[in-house]
Amino acid sequence: MENSYKYFKNKDCKYFPCHKGLDDFNCLFCYCPMYSMPNCPGSKTYIEKNGKKIKVCTDCTFPHRPENYDKIIQILIRNNNN
């Protein structure tokens, strides 16, 4: 793969694939670096538990799509500069 530093697939992971519906699955951002951002571009929902609002990203595939690497990096840079 061109620009392979942007892509990693771990087929040996016991959770692989952690999300369904992707042909080309990028595991590089397995733990999403945008989880703490309330306005991340991914598809998220919120639940309330013990009086706290919790972000649920179970159905989000945004960080696992190889074409979103550059978008994620730009979001992280922009968020870090604020």
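So, taking all protein chains as they sit and a 1.4 Å probe, how much accessible area belongs to Thr58, in Å² rounded to tens?
Rounded to the nearest 10, that gives 90 Å².
Helix 69-80 versus the longest principal axis of the chain: what is the Cα-based angle in degrees, 0 to 90, to the nearest 10?
Taking the Cα atoms of the chain, the angle to 69-80 is about 40 degrees.
Counting alpha carbon pairs within less than 8 Å and at least 6 residues apart, what relative contact order, in whole percent, applies to region 1-81? Display every interim value, and only then the final one.
Working: 77 pairs, mean separation 23.6, N = 81.
After rounding, I find 29 percent.
Given axes a ≥ b ≥ c from the Cα gyration tensor, I'd like to know whether the chain is rounded (a/c under 1.5), prolate (a/b larger than b/c) or oblate.
Because a/c hits 1.5 or more and a/b fails to exceed b/c, the chain counts as oblate.
Mind checking the full-extension length gain between Asn39 and Leu22? Use 0.36 nm per residue of separation minus the Cα-Cα distance, one decimal, nm.
3.8 nm
What length, rounded to one decimal in nm, is gained on full extension from Asn10 through to Asp59, with 0.36 nm per residue of separation minus their alpha-carbon distance?
15.7 nm
How much accessible area per residue does the chain have, counting only protein heavy atoms and a probe of 1.4 Å, in square angstrom?
Details: 6310 Å² over 82 residues.
Solvent-accessible surface per residue comes out at 77 Å².
Considering only protein heavy atoms and a 1.4 Å probe, what is the carbon-and-sulfur percentage of the accessible area of region 1-81?
50 percent
The values are calculated or read from the model by the stated rules, or taken from the named source; none is laboratory data. Note that the coordinates shown come from a computational prediction; the quantities given were computed from them, not determined experimentally. All accessible areas refer to the heavy atoms of the entire protein, side chains included, with ligands and DNA or RNA removed. Shrake-Rupley method; radii C 1.70, N 1.55, O 1.52, S 1.80 Å.
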